[in-house]
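Enquirer: Below is the structure I would like to discuss, written out as structure tokens.
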Amino acid sequence: MTAIIDYDAGNIKSVEKALLKLGEKAVITRDREVILGADRVILPGVGAFGDAMHKLRAYGLEEVICEVVHRGIPFLGICLGLQLMFERSEESKGVKGLGLLKGEIVRIPDKDGIKVPHIGWNSLKFPNKGRLFQGIPEDSYVYFVHSYYLQAEDADIVTASTEYGTLIHASVEKGNVFACQFHPEKSSQVGLTILKNFIGIEPFYKTAEE
Amino acid sequence: MATDEEYLDSLLKSMTDNESNRSMEEVMRDVSKAPKEDEASFGVEDFFESSPELGDDILENISLMEDPVIETDSGSADGEDASPEQDEWKLSLDDILAQADAQTSEADADGLFDTSDWGDGEPSMDIPDIPEIPDIPEALEETQEAEPADTDDMDVTDLIDSMDNTDMDLAEINGLLKRADSKESADDDMLALLEGVDVDQMDAFSDPDADSEFSIFSESDLEKSASYGSSLPEQTDKKKEKKAKKEKKKKEKKSKIFGKKKKDTDADLVEQTEDTAQDVNLDGLLNNAEGGAEESVNESGDKKVGFFSRMMNYLMEEEEEEESLDGAKEAADGTGEESDKKASKKDKKKKNKKGKKGKDQEEGSDEELDEEAEEKSKSKKKPKREKKEKKEKQPKEKVKTERVLSTKKLLVLIAFCATIIASILVFSTFLPEYADKKNANDAFYEGDYETVYKLLYNKQLNSSDAIIFNRARIVLKLERKLQSYENNMTLNRPVEAVDALMQGVKCYYELSGADTYGAGDELNALYQQICAILQNNYGITPEEAVEINAYDNVSYTMKLNSIVNGTAFSMPEDTTAESE
């Protein structure tokens, strides 16, 4: 069972549909026990960094997410979910992120002819091959919608990147923590493959018990 | 052998021994009997000769100083045939000496015998005026009464200067007085405060006990006060009248400050303050100053009482009155009922006793009965008086009870606060949403669909707002294809750019097939732009674009590459089979 964290963010239903399409049982919830009892947890999101963090704290989900990560449950952040996993964002200065990974979120630079936000399909490069991108060729197209992008402190955790006026860290992976700036649930077959790979990752605590 | 100094001492003693009856002639005769000039001068000069460190100049000065003495001596000697004027002069000198004995027994003899005055030898000197100098306290009082208002300010400033270190408020007042002296502007309230201080300070001046407090007055002031020529009886009458007025003023002020309840006690307090010394006067002065400030503020108008004090007065005053009235009523009713009951009981007892007595003690004497009746009547009267006194005291005590919050008014206040809090909560929750919707409407009519979409996304919308949101959404969806083309061209991705245009054509047909929420014209305009780019840049008509969009993914990608690169396109068989 995959838990989709509900914190009043958008783009939840499409994630649920994608998982259901893959034959995975999905639950949209903010209940602590349900989240901690899930095999996998997905943190979706569309919106602003500050508002989302306030919502997470208001629902008491910050501690739950940290506990999920601590327990070794596979955790995937999508779009704003990726941004929330880092320390801070230019979008909401003074608001602390979850701080699960080191790095910051900055605004896509304004350049002539390049529209911000970055909306549409864009191709991926894989500087480090991650488990999410198994079976996906390089330069595959995925769907992006964002105005801010990740600059990860540790380049080793970056598993996918793209170009949109600047180098954008499109995906990261560290231990049981995964994140994508693009929307796999909206990225057609490539996106479904990414989600399928995520579903296939077993929790750490189960392997420890074994 | 007696020296000049010893002789002078003896002369002084003789004068200080109340020898007022001695005439000046006798005194002068004594002087003439004094040792000879040579001996006297020798004595002095011998003294200075024995001290060689003193120069001749000093000796000359001394001789010059002694010359007038010699002249007076000669004058007095020549005055054996004294004229009446000279007699008067001598009498006046006697008066001076007598007063000097009476007033300054320890005065310096040199001061009394001013040889320079003697040297003139004329009766025209101002000595007779000296006894008319009034005493310092009297002079002070006279100045306070006789001086015009202009001089009052000076006195006040002096007083406040002396008290600068005692109170910060007085220091402020002093500063304001100084400003007023330098013709600087001051607040009306503070001026009113100062006026109150002036009046009170004048009260303090009139207090004879406080005279020592104002020893700070300069001698010049005293001289000025002496210069005013009002006669003493008139002054005393005026003093009394003014004192009476000022006491009345004090009482009124204190009654205003402490309230009506303390009116009776204030008179005693005023008397006590008059009896006590300067400290009490100072306290009274300060209190009166505060009272004056309050009065001035009250006279000025709005800045009288703070909000909370007004609120507390509103909550408590009327309740107090109600309580007092209720208490009085209850007391009156209760005591009336109780007294009626007691009277009826006593009547019954009397009847019973009388009945018993009539039956059992028929033989009793009439006198005993009368005595008993008198005693009973006395014993009844006493409790009645006590009851009356209690009746009178009870309402007063209840009036004096502390203020109690009115439950009704408290409830009204709570309800008022609750409505305010509720309104704040309602406004805080609904106002931002209302503002967003209003801004979205404004942006929509300005054609800024992006702002409309951002403001209304993920919000509960009514029908009109939903129409606005959906219209903005579909227009932006088509517009985004055009932007994507421009982005990809900028990023040097021509295939992706052509793809964006192709997706735009596809999107237009999808959107125009459904409800456009009134955005048909805008969608058509965007579609025309896309078609124009395809036609002009790539030679693809809208119909061809629709046909290409129907290809499978591989054929579609190959077709786009052939369009961008200008190469020939051949449909792969396998892919056509898959697409079929």
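Enquirer: Assess whether residue B:478 counts as being surrounded by 15 or more Cβ atoms within 10 Å (Cβ to Cβ) and under 14 Å from residue A:119 (Cβ atoms).
Expert: Yes, satisfied.
Enquirer: Taking residue A:98 and the conditions (1) of a type in the set (A, V, I, L, M); (2) surrounded by 19 or more Cβ atoms within 10 Å (Cβ to Cβ); (3) within 13 Å of chain B (Cβ to nearest Cβ), which numbered condition does it fall short on, given that it satisfies the others?
Expert: So residue A:98 meets the others, but not (3).
Enquirer: Could you list, in sequence order, the residues of region A:118-136 that are at the interface with another protein chain (Cβ under 10 Å from one of its Cβ atoms) and not aromatic (Phe, Trp, Tyr)?
Expert: A:118, A:119, A:120, A:122, A:123
Enquirer: Identify all residues within region A:37-90 that are open to solvent by 60 Å² or more (accessible area, probe 1.4 Å) and of a type outside the set (A, V, I, L, M); write none if there are none.
Expert: Scanning region A:37-90 gives A:51, A:54, A:55, A:57, A:59, A:63, A:70, A:71, A:88, A:90.
Enquirer: Which of the residues that make up region A:8-25 are in contact (Cβ under 8 Å) with a residue 24 or more places away in the chain, more than 14 Å from chain B (Cβ to nearest Cβ) and assigned to a loop (DSSP other than H, G, I, E, B)?
Expert: If the condition is that a residue be in contact (Cβ under 8 Å) with a residue 24 or more places away in the chain, more than 14 Å from chain B (Cβ to nearest Cβ) and assigned to a loop (DSSP other than H, G, I, E, B), then A:22, A:24, A:25 are the ones that fit.
Enquirer: Now for a different question. Out of the residues in region B:452-466 that are open to solvent by less than 70 Å² (accessible area, probe 1.4 Å) and farther than 19 Å from residue A:9 by Cα, state the one that is farthest from the other protein chains (Cβ to nearest Cβ).
Expert: Among them, the one singled out is B:464.
Enquirer: Checking the condition of a type in the set (D, E, K, R), within 14 Å of chain B (Cβ to nearest Cβ) and closer than 26 Å to residue A:194 by Cα, which residue from A:112, A:139, A:154 passes?
Expert: A:139
Matching residues to (1) within 13 Å of another protein chain (Cβ to nearest Cβ); (2) without any contact (Cβ under 8 Å) to a residue 60 or more places away in the chain; (3) open to solvent by 60 Å² or more (accessible area, probe 1.4 Å); (4) in contact with a Phe, Trp or Tyr (Cβ under 9 Å, 6 or more places away or on another chain):
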position: B:493; (1), (2), (3), (4): yes, yes, no, no
position: B:508; (1), (2), (3), (4): no, yes, no, yes
position: B:521; (1), (2), (3), (4): no, yes, yes, no
position: B:526; (1), (2), (3), (4): no, yes, no, yes
position: B:539; (1), (2), (3), (4): no, yes, no, no
position: B:543; (1), (2), (3), (4): no, yes, yes, no
position: B:549; (1), (2), (3), (4): no, yes, no, yes
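Enquirer: Which residues, taken from region A:157-173, are outside any strand (DSSP E or B), within 14 Å of chain B (Cβ to nearest Cβ) and buried (at least 19 other Cβ atoms within 10 Å of the Cβ)?
Expert: Of everything in region A:157-173, those that are outside any strand (DSSP E or B), within 14 Å of chain B (Cβ to nearest Cβ) and buried (at least 19 other Cβ atoms within 10 Å of the Cβ) turn out to be A:164, A:165.
Enquirer: Something else now. Residues being open to solvent by less than 70 Å² (accessible area, probe 1.4 Å) and in contact (Cβ under 8 Å) with a residue 12 or more places away in the chain: count how many of those fall in region B:421-450.
Expert: Adding up the residues that qualify gives 8.
The values are calculated or read from the model by the stated rules, or taken from the named source; none is laboratory data. It should be emphasised that the depicted structure is a prediction, and the values quoted were computed from it without experimental measurement. Cβ sites come from the backbone with ideal geometry, for glycine too, and all protein chains shown count toward neighbours. Accessible surface areas use protein heavy atoms only, side chains included; no ligands, DNA or RNA. Shrake-Rupley method; radii C 1.70, N 1.55, O 1.52, S 1.80 Å.
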